[in-house]
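> One structure follows; several queries about it will come next.
Readers should treat all values here as calculations from the given coordinates under stated rules, not as data from a laboratory. Just so we're clear, the structure is a prediction, and the values are computed from it rather than from any experiment. Every residue, glycine as well, gets a Cβ built from its backbone with ideal geometry; the counts of neighbours run over all protein chains shown.
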Amino acid sequence: MSFVVFLLCGVAGGLLGGMGMGGGTALIPLLTLFCGVEQAAAQGVNLLSFLPMSAAALLVHKKSGLLARENIASFALPALFVSAAASLLAARLPSRVLRTGFGCFLIVLSLFRLGKSFFVLKNNK
């Protein structure tokens, strides 16, 4: 696959991740659809790329005063535990199951965001 295609996928994922919108939501489909990467490998690449992207984004958001530190432990600790358990599960699932599950997640997320947009538009009239 062309280096440029991988580069553009990385830019798109980094852009969304830097804005706090979940770069993996874009990066995983981009890698699987345009680069021919298997779902499990795309999820692994996403996790690996998440570390430096999130560290850089965290520093920028901290300097901008956009971090709410009050409840970090209450959501970070359960998230760490569940993500470790889910990673162990994902390593044992076939790529087809991961792809289907992620696709369903994206559909539900899209419907939720679409509904929220209509709600905001309706209340701004």
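> Relative to a virtual label point 7 Å from the Cα of PHE6 in the Cα→beta-carbon direction, which members of region 48-76 show backbone nitrogen distances below 17 Å?
Hits in region 48-76 for PHE6 at 17 Å: 48-50.
> Output wanted: per-residue J couplings in Hz (rounded whole) for region 74-86, from phi through Karplus 6.51 cos²θ - 1.76 cosθ + 1.60, θ = phi - 60°, x for Gly and Pro.
Each residue of region 74-86 in turn: 5, 10, 6, 5, x, 5, 5, 5, 5, 5, 5, 5, 5 Hz.
> For the chain, set up a Gaussian network in which alpha carbons nearer than 10 Å are linked by springs, and say which option among ALA79, ALA12, ALA90 fluctuates the most.
Largest GNM mean-square fluctuation: ALA79.
> How big is region 53-125 on each of its three principal axes, counting only the C-alpha atoms and giving the largest first in Å?
Between the extreme Cα coordinates on each principal axis of region 53-125 lie 47, 32, 23 Å.
> Could I ask something else about it? Quick check: pseudo-label points 7 Å beyond the Cα along Cα→Cβ at SER64 and CYS35, how many nm apart are they?
2.5
> Using modelled amide H (1.01 Å from N, peptide plane; none on Pro or chain starts), what sits under 5 Å from the amide H of GLY22, excluding residues fewer than 5 places away?
none
> Per 5 Å bin, what percent of the C-alpha pairs of region 3-123 does each bin hold, from zero upward?
P(r) for region 3-123, in whole percents per bin: 2, 10, 15, 19, 20, 18, 11, 5, 1, 0.
> If each DSSP helix of 4+ residues adds -39,500 (n - 2.57) and the sum is divided by the residues in the chain, what number results at 222 nm, nearest 500 deg cm²/dmol?
-28500 deg cm²/dmol
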